[in-house]
1. Go through the stretch 63-81 and count every residue that is modelled with pLDDT of 70 or more and hydroxyl-bearing (Ser, Thr, Tyr).
2. Can you tell me which of 66, 57 is surrounded by 17 or more Cβ atoms within 10 Å (Cβ to Cβ), farther than 27 Å from residue 106 by Cβ and in contact (Cβ under 8 Å) with a residue 12 or more places away in the chain?
3. Being farther than 18 Å from residue 14 by Cα and part of a loop (DSSP other than H, G, I, E, B) is the filter here, so list the residues in the stretch 102-127 that pass it.
Amino acid sequence: MEPAIRAEMTELLPRILRFARSLTRDATAAEDLVQTSYIKAVERIDQYECGTRLDSWMFRIVQTSWIDEKRREQRRGVVISFEDAREITMPSHGHGGTDRMFLQKALGNLPEEQRAALTLVLFEGYTYREASGILDIPHGTVMSRVARARTYLARLHDEDGTENDDEDIQRGSS
């Protein structure tokens, strides 16, 4: 593997991990997913086309690895511990006093497809078109999923008892 590609993959690691966490909603599972994805990337580095965006290629590998993992779980069944189940559920009101905790819990309640699209567009800064290429779905579908996710987050924000006049999620730290 070329040193430049190795260096870029290393630089991408925090962003890839953040994306994996948005998919898995679990730090340990995210780390496992990233490790699996990086192994696949190294094994298939000859499939990477020089001159294209390595980050898009890596996000696509993570997304595909996650889908593969979910399919395997469906075939064999998944056992969730009581502690994990308690962490997954979100109380109907209140967000634990901080915007970050509110956002983490709210994002965790989004359907996986919406969470992936929202993460790529809002947190990673991809355009809708770029995100559609990464997720291998139509451009309009990405727009729709992001819009539905924003609507859901806005509704949770309003139910939290906080004003939201402009229908946009911008809680700030005040």
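1. Adding up the residues that qualify gives 2.
2. It is 57.
3. Listed by number, the residues that qualify are 110, 111, 127.
The values are calculated or read from the model by the stated rules, or taken from the named source; none is laboratory data. As the structure is a prediction and not an experimental result, all values here were calculated from the model. Note: ideal-geometry Cβ built from the backbone for every residue, glycine included; neighbour counts use all protein chains shown.
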